[in-house]
Amino acid sequence: MSDQDIPSNTNTRILKTYKEARLQNNENLRKLVVDAAATLLQEEGPEAVTVRRVAQEMDCSTKIIYSLFVNKEGLAQQLYLEGCKHLANKFEGTPQTNDPVQHLLNLGEAFWQFGQHYSGYYKLMFGGAFADFKPDEESMHGTLTAMRQFMMAISKAQEQGLIPVHYDAESVVRICWASLHGAIHLYMGGHLGDVQSAYAVYKQTLSLIVSSMLPDHST
């Protein structure tokens with residue numbers, strides 16, 4: 001038998017068991033459902049994301065959605081994790097600089113932009129938009145991963161002796177985060193006027209936070 005008669009491995013089909021094929025199909029379907037829910041979340045807000053509405057968008061029964069996510073909270077968790085990815089991308093896309101003050105200001109700006117560009121995700125993740133949804137351990141881990149750039153900046157400043165080490169980096173991030181979130185949440189609740197007025201309050205809040213952490217390096 002010549003070499004030409006031997007079937008090429010590149011043409012060999014990779015067989016899957018029924019269980020493997022079904023798991024893959026379920027995973028693909030889960031992704032499509034999350035994409036449909038994410039579109040509703042961004043275009044119409046959290047109140048539009050119901051199992052019935054997502055099923056309508058997918059042209060399927062609610063039973064299929066429940067079989068994939070158990071309940072609305074299961075779907076909300078997947079959206080939460082998607083939001084974490086968007087937040088991480090915002091932080092990772094901040095301009096790089098060796099100036100610790102400017103670095104923190106850039107990260108704070110990224111957080112504001114996330115709230116503006118992904119307001120549906122923001123309300124779901126940090127605004128309590130889904131009353132019955134509480135982030136589980138996986139979701140909280142996703143949040144910490146998303147905030148990693150912020151935490152690294154604080155840790156680096158502490159290592160350089162620029163920020164006191166009275167608290168660990170995670171605690172410092174939470175303190176900053178709480179203050180910045182307060183401004184965004186008040187704006188979303190209609191308490192800070194239009195977006196320009198709210199942004200001015202946010203910028204001042206961010207500046208005060210950074211100057212309090214780095215009093216000898218603020219500009």
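Where a number appears in this text, it was derived from the coordinates with a stated rule and is not lab data. Source: prediction; values computed, not measured. Cβ: placed from backbone, ideal geometry, glycine included. Neighbour counts: every protein chain shown.
Using the 10 angstrom Cβ neighbour count as an exposure proxy, how do 109, 27 rank, fewest first?
27, 109
Give the average over all directions of the projected area of the C-alpha convex hull of the chain, one decimal, in nm².
19.0 nm²
Anything over 32 Å Cα to Cα? Flag those among 72/156; 72/203; 63/134; 31/203, in the order listed.
72/156; 72/203; 31/203, as the Cα separations exceed 32 Å there.
Stick to Cα atoms and the Kirkwood definition of Rh, then tell me Rg/Rh for region 48-158. Don't skip to the end; give the middle numbers.
Values: Rg = 16.8 Å, Rh = 15.4 Å.
Result: Rg/Rh = 1.09.
For region 154-202, what is the Kirkwood estimate of the hydrodynamic radius, computed as the reciprocal of the mean inverse distance between distinct Cα atoms, to one decimal in Å?
Answer for region 154-202: a Kirkwood hydrodynamic radius of 12.2 Å.
Most fluctuating residue of 149, 96, 113 in a GNM of the chain with Cα springs under 10 Å: which is it?
96
Given region 89-141, report the % of alpha carbon pairs whose separation exceeds 14 Å. Before the final figure, lay out each step's value.
On the way: 849 of 1378 pairs.
Everything past 14 Å amounts to 62 percent.
For a quick check: sort 168, 59 by the number of other beta carbons within 10 angstrom, fewest at the front. Working shown, then result.
On the way: 168 13, 59 7.
Placing the least packed residue first, the sequence is 59, 168.
Restricting things to alpha carbons, tell me how big region 16-70 is in terms of Rg and Dmax, in Å.
When restricted to the Cα atoms of region 16-70, Rg and Dmax are 12.3, 40 Å.
What angle do you read, to the nearest 10 degrees and between 0 and 90, between the alpha-carbon axis of helix 137-146 and the longest principal axis of the chain?
That helix lies at roughly 60 degrees to the long axis.
When only C-alpha pairs under 8 Å and at least 6 residues apart count, what is the relative contact order of region 72-213, in percent?
Numbers: 109 pairs, mean separation 38.9, N = 142.
After rounding, I find 27 percent.
Amide H to amide H, which residues 5 or more places from residue 163 or on other chains are under 5 Å from it, using H placed in the peptide plane?
The list, which skips near neighbours in sequence, is 158.
Hey, what's the Kirkwood Rh for region 120-219 if you take every pair of different alpha carbons, in angstrom?
In region 120-219 this quantity evaluates to 15.1 Å.
Quick check on the chain: helices-only [θ] at 222 nm, where DSSP H runs of length 4 and up contribute -39,500 (n - 2.57) each and the sum goes over total residues. Nearest 500, please.
My calculation for the chain gives -22500 deg cm²/dmol from helical runs alone.
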